[in-house]
Each structure stands twice: as structure tokens, then as C-alpha cells.
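Right, one structure below, let's go through it.
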Amino acid sequence: MNYKTPGVYVEEIAKFPPSVAQVETAIPAFIGYTAEGPKNQPTRISSMLEYETLFGKAKNEAFTFTIIPATTVAPIKPRTVTATVTPSPFKMYYAMQMYFANGGGPCYIVSVGNLATGYPASVDMGDLEDGLDTLEREDEPTLIVFPDAEKLGVDAYELYGQALQHAELMKDRFVIMDVVGDDDTAVADFRNNLDSGENLKYGAAYYPKLETVLTYSYDTAIIVADNKTLEYLKTNDSELYNLAKAAIESNKVVMAPSSAMAGVYAKVDSTSGVFKAPANVGLSYVVAPTVKISHEDQENLNVDSTAGKSINAIRTFVGRGTTVWGARTLDGNSNEWRYISVRRFFTMVEESVKKATERFVFEPNTANTWIRVQTMIENFLNQQWQDGALAGSKPEEAYYVSVGLNKTMSAQDILEGRMIIEVGMAAVRPAEFIVLRFSHKLQEA
């Protein structure tokens, strides 16, 4: 300061180095159809109530009823009612229920069409592509989910390929995919039709679909029999009303697993950390997978010797319920990016350090600045090591940060205004295969 007037002046001297703030790691963007709400405007919500307020509820389904009258002669049987439904392809509302039930928190909704403007007859690839494009303008989302993509059939894999390209371009997000269908060719169709290029590390796939405890939405004005609505039966034939209502609710919603998995990612990140694999976790609101996967079946899912497109199985174990039993990215043949937790941890560190170093743009490219930057990043990585995200018994075994002339930069780099920082990390990896070795021990005298 240029002092000119006599007096006492207070000056604060910064002693602490700048710090790196960890970015959010599990903020999914759900792209699909809703009952109402703004179209192609990514909207942040944090609860099911907020979703219903902004985007409405599920589309009411049409049911067909079969009523078998009671018999009055032997064998005497009571009146029975069955209800069949051909569900609409729009599953966003149920996806949100699965997401929040499995630990989900704040997320983004990208509505690509709604009832207010008229649902399309079926899921449209162009609508979902347009919704994906809107996310290029959003910085916060870190996961991408398409609840309605399964209705595209094998065309869904073209959409997933575009999402992987988007993730590679943005470098701060990850795609959660579903294997379309449950038949014997579903896995082969997935691997043969997914055109991922070099972007396999930015996505993970799950199989099979899940039978949930959720029931389909319906209108009480639905006709049950003889032009009698469910609402009419409630006050005029309570027995038939209860039978019809039970028949409707016996049709459980079957969901692709991606929305539930987005909730698992969020829960694991918040309770353990992004470095923990989102696996060996029980799923809520799930009755059972639609396909029972054996140990031998999973060998083919987990390892794809040709393209490396690993698929994570969801299995049921006695006494443990329905459990996520896989932790691999699609890049299953890569030693670097085989595991979801490693890829997402690196993404978190890269994005956090990128945002923190933006304050040094246009600072003098000198040793003083280099020391400040190096110290800032080292402090951040040291905290990650202490939290258990990095391997090594001491910090120098867990990470290194290098910046400086003749280290990471040449004199020409400095002349051209480039500050180059090199960061190395030994990320922890999940114990995917635990091998127990037993042997007989000879008796000793």
C-alpha cells in the first residue's frame, strides 16, 4: 500500500495455499419422456415430490379384465378376476422411483416429450438424441441414463454409442447402460451392435431386467365389466372392486436396471467414496431379476475376450436378495480402465483439479506459481490417500505431482504460455476375485 496519512493500518497476509474442492461425482441426468414439464431443458431436482410437481406422474395404463363367475355347485369356487396390461414404453416415473429408493439424491431430468404436447406412439431415437445434446451446456451432470431406451431395441446401442462419444468429449461423465431384452441373443446383440470406438472406458452395462415391487398407474374410470368403472364398483360392488384392484396390482413393473444402478452409484459415493466399486450392494424395490444367472453364465458376461465389452450381472443369492455382482466398465480387457471405480475416481480428480487450477490462468509462469500449484494438488491428493482412495503405505507411494522447467516444461513451453502439470496416482482397485487356499497341516508331535 502507498501510505500517505498517519495512522494504523491492518494487512492480512495469506499463509494457507489455495485448495482443491472435490466436485460432485453422482449427479445423473435422466433423458426420457415425462407427463409434463419443460421440453429439452435440463432441470435439477432432489426428491420424488419435486419430480411429481414439475414433471407429473406415470402414464395411466389400459387393462383388460377377465371375470370368472363363482360356481355354486361342486367344486365350489369364488369369483375371480385377472387383469392383463400391455405397458406403454415410457418409464421415466418408475425410473425415478427406483433411483430414489436405491439411494439417489440430486439429479437432472431432460424431458424429450410429454402428455401436454402429446406422447409419441413410441420412443423416438431423434428425441433422445436431442435430449443428449442439451447436456453439452450443463457442467454438473456426471452420469447419463436413458430409462426409455430399451424400447428402441437394438437401435438403443447406436444411442449408447453417441452417449459414450459425448462422455469422452466432456470427460466428466459416465454412461450407465442396459442390455436390451432377456432372450438368449441379448448379450450377443449388445456386443455386436454397440459401436463404442475407443470410448469403452466411459460406460458400464448391466443385465438382466428387474421385476420390481412397483405397480402400474391406472385411472379409476377404467372399465372393468358391463360398462362399470372401477370407481363405480367401489361403492356398488366392493367385492368385485377389491378383486379388480388386486388383479391390477398383481402386474408388477419390469424395469431395466440402469435407474436403480444410478441410485447405487449415488449411495456408494456418499457413504464410502467414488473410489469404492458400486457392487456387492443389495437392490431395493426389487423382487428378482427376470433372468436367473449362474456362476457359469457370468463367466461369459464378465469377460469378453474379443472386444472387452464386459457386462455386469445382477444376481439373486440365498439370504442376501438381489445383488449387483459386477464392477467393470465396458473396457474389460484394459488393465488401466477395467473397473468403474478407477475410471470415475480419475474423472473426479481430473475435474476437481481442472476447476481449482483455473484461478492460475494468466498468473506469472514462474517457480513461485509452480510451487503454489504443486502444493495445492498434493494437499488434495494427500487427503484422498488418507481417505483410502490411493494405494501405498506412504504418500510418495500413492501419488506424485510434478511441474517446472526441465521437469514438465521446456523453455519454449513457457514462451508459449503453457504451464504443464503431471499428476500420477495409484488408485485402489476392487478385490474382484478372492482366492482362499487351504491345505492339510501335518500333525506335529
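The values are calculated or read from the model by the stated rules, or taken from the named source; none is laboratory data. Just so you know, these numbers come straight off a predicted model, no measurement behind them. Don't worry about glycine lacking a Cβ; one is built from the backbone with ideal geometry, like all the others, and counts go over all protein chains shown.
What the table below lists for this structure:
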{"item": "Some residue of segment 378-397 being without any contact (Cβ under 8 Å) to a residue 24 or more places away in the chain, in contact with a Ser or Thr (Cβ under 9 Å, 6 or more places away or on another chain) and not in a strand (DSSP E or B)", "result": "no"}
{"item": "Helices (runs of 4 or more DSSP H) wholly inside segment 183-254 that include at least 1 residues being without any contact (Cβ under 8 Å) to a residue 12 or more places away in the chain and assigned by TED's automatic domain parsing to the domain that holds D304", "result": "186-193"}
{"item": "Some residue of segment 258-278 being without any contact (Cβ under 8 Å) to a residue 12 or more places away in the chain, over 17 Å from Y99 (Cβ atoms) and under 20 Å from the mean Cα position of the chain (by Cα)", "result": "yes"}
{"item": "Considering residues of segment 1-41 that are among the polar types (S, T, N, Q) and within 30 Å of K276 (Cα to Cα) only, the residue surrounded by the most Cβ atoms within 10 Å (Cβ to Cβ)", "result": "T25"}
{"item": "Residue in segment 361-377 that is farthest from F16 (Cα to Cα), counting only those that are free of Cβ contacts under 8 Å to residues at least 40 places away in the same chain and assigned to a helix (DSSP H, G or I)", "result": "A367"}
{"item": "Unmet requirement for V112, which otherwise passes all of (1) touching a Ser or Thr at 6+ places or on another chain (Cβ under 9 Å); (2) over 23 Å from E50 (Cα atoms)", "result": "(2)"}
{"item": "Some residue of segment 136-152 being part of a helix (DSSP H, G or I), in contact (Cβ under 8 Å) with a residue 12 or more places away in the chain and under 21 Å from I293 (Cβ atoms)", "result": "yes"}
{"item": "E168 vs. criteria farther than 30 Å from G56 by Cα and either out of contact with any helix residue (DSSP H, G or I) (no Cβ under 7 Å at 6 or more places or on another chain) or not assigned by TED's automatic domain parsing to the domain that holds L283 (or both)", "result": "no"}
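Conditions (1) surrounded by 13 or more Cβ atoms within 10 Å (Cβ to Cβ); (2) under 26 Å from the mean Cα position of the chain (by Cα); (3) assigned by TED's automatic domain parsing to the domain that holds P278; (4) of a type in the set (A, V, I, L, M), marked per residue:
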position: T375; (1), (2), (3), (4): yes, no, no, no
position: W385; (1), (2), (3), (4): yes, yes, no, no
position: S393; (1), (2), (3), (4): no, no, no, no
position: E397; (1), (2), (3), (4): no, no, no, no
position: V401; (1), (2), (3), (4): yes, no, no, yes
position: T408; (1), (2), (3), (4): yes, no, no, no
position: I414; (1), (2), (3), (4): yes, no, no, yes
position: I421; (1), (2), (3), (4): yes, no, no, yes
position: A427; (1), (2), (3), (4): yes, yes, no, yes
